[in-house]
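What follows is one structure encoded as structure tokens, with my remarks underneath.
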Amino acid sequence: MVKRMNGVHSESKIKNLTVNGSLVVTNQGKAELFAKTFSDISSNKNHNDTFLSHKNDIELNHKELFENSTDIANKNRLKSLNEPFDLHELRKAVK
């Protein structure tokens, strides 16, 4: 973080990945693989019935949480949820 604050930029590269015997070398391929993996992990099939019931209740009864709003407070809340992150932060989160 100190380097970034001083304007020093070092580029991190994600190593090539092997999936089902196929080598993924392009950034596009790695991004698609990450998106698919994240999607699979986040899928409803991985949650128990209690969680799914709560999730459905929130989605049905609190639609305002998922709508775009012109309300400044709501926009600020959503903005803080969608802040960009760095590769090292992602690695730390999925460790």
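Considering amide H positions built from the backbone, and no H for Pro or chain starts, which residues 5 or more places from residue 24, or on another chain, come under 5 Å of its amide H?
17, 18, 19
Two decimals, Cα atoms only, Kirkwood Rh: what is Rg/Rh over the stretch 14-61?
1.22
Taking 25 Å as R0, compute the FRET efficiency from the Cβ-Cβ separation of residue 30 and residue 85 and round it to 0.05.
For residue 30 and residue 85, the calculated efficiency is 0.95.
Assuming R0 = 25 Å, can you tell me the calculated FRET efficiency for the pair residue 40 and residue 95, based on Cβ-Cβ distance, to the nearest 0.05?
Rounded to the nearest 0.05, the efficiency is 0.85.
Quick check: pseudo-label points 7 Å beyond the Cα along Cα→Cβ at residue 61 and residue 47, how many nm apart are they?
Simple spin-label model gives 1.5 nm for this pair.
Report, in listed order, any pair from 63/92; 36/92; 15/55; 13/55; 13/63 with a Cα-Cα distance greater than 27 Å.
Among 63/92; 36/92; 15/55; 13/55; 13/63, the Cα-Cα distance tops 27 Å for 63/92; 15/55; 13/55; 13/63.
No value in this document is a laboratory result; all are computed from the given coordinates. Computed from a prediction, not measured in an experiment: that's the story for all the values here. Heads up, the Cβs are rebuilt from the backbone with ideal geometry, glycines too, and the neighbour counts pull from every protein chain shown.
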